[in-house]
Amino acid sequence: QVQLVESGGGLVQAGGSLRLSCAASGRTFSSYTMGWFRVAPGKEREFVGGISWSGSNTYLTDSVKGRFTISRDNAKNTVYLQMNSLKPEDTAVYYCAAKMSVHYQILTGYTYWGQGTQVTVSS
């Protein structure tokens, strides 16, 4: 099993930056894919992006591409979401997730979830 804990959320002004961290505990296999999701008020869950746990293959949804970067530090069992040029529409609870799958670019199949961290972007 994998336990995930997000951190780094907060309140920022539009145009600002935040870096979210997701620390994983338990056994991590090279085939684990990590992902970030978000739930904005009154909206459905959105797949933000994914990254293969082994290697540097990443995917980001169009709404954040060019502004967000997903990365990892396997030595620390941690995945990051660097968020730059934040917009009010980025306001959401951000969740990290994990799955034992090679399909980092696919939103389905995530079986382990963190509790989420709130990101609020003021205008």
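The values are calculated or read from the model by the stated rules, or taken from the named source; none is laboratory data. These numbers come from a predicted model, not from an experiment. Cβ coordinates were reconstructed from backbone atoms using ideal geometry, including for glycine residues, and neighbour counts include every protein chain displayed. The area values use the complete protein model at the heavy-atom level, side chains included, leaving out ligands, DNA and RNA. Shrake-Rupley method; radii C 1.70, N 1.55, O 1.52, S 1.80 Å.
When we screen Val5, Val79, Val102 for residues that are open to solvent by 60 Å² or more (accessible area, probe 1.4 Å), closer than 30 Å to Ser123 by Cβ, touching a strand residue (DSSP E or B) at 6+ places or on another chain (Cβ under 9 Å) and touching a residue at least 24 places away in the same chain (Cβ under 8 Å), the only hit is Val5.
Considering only residues in the stretch 47-58 that are at pLDDT 90 or above and open to solvent by 30 Å² or more (accessible area, probe 1.4 Å), the one that is nearest to Gly16 (Cα to Cα) turns out to be Thr58. Of all residues in the stretch 20-39, those satisfying the criterion of being open to solvent by 20 Å² or more (accessible area, probe 1.4 Å) and over 13 Å from the mean Cα position of the chain (by Cα) are Ser25, Gly26, Arg27, Thr28, Phe29, Ser30, Ser31. Only one of the numbered conditions (1) part of a loop (DSSP other than H, G, I, E, B); (2) open to solvent by 30 Å² or more (accessible area, probe 1.4 Å); (3) in contact (Cβ under 8 Å) with a residue 12 or more places away in the chain is violated by Leu86, and that is (2). Screening the candidates Met83, Met34 for the property of being aliphatic (A, V, I, L, M) and within 22 Å of Gln1 (Cβ to Cβ) yields one hit, Met34.
In the stretch 59-68 there is no residue that is β-branched (Val, Ile, Thr), open to solvent by 20 Å² or more (accessible area, probe 1.4 Å) and touching a residue at least 60 places away in the same chain (Cβ under 8 Å).
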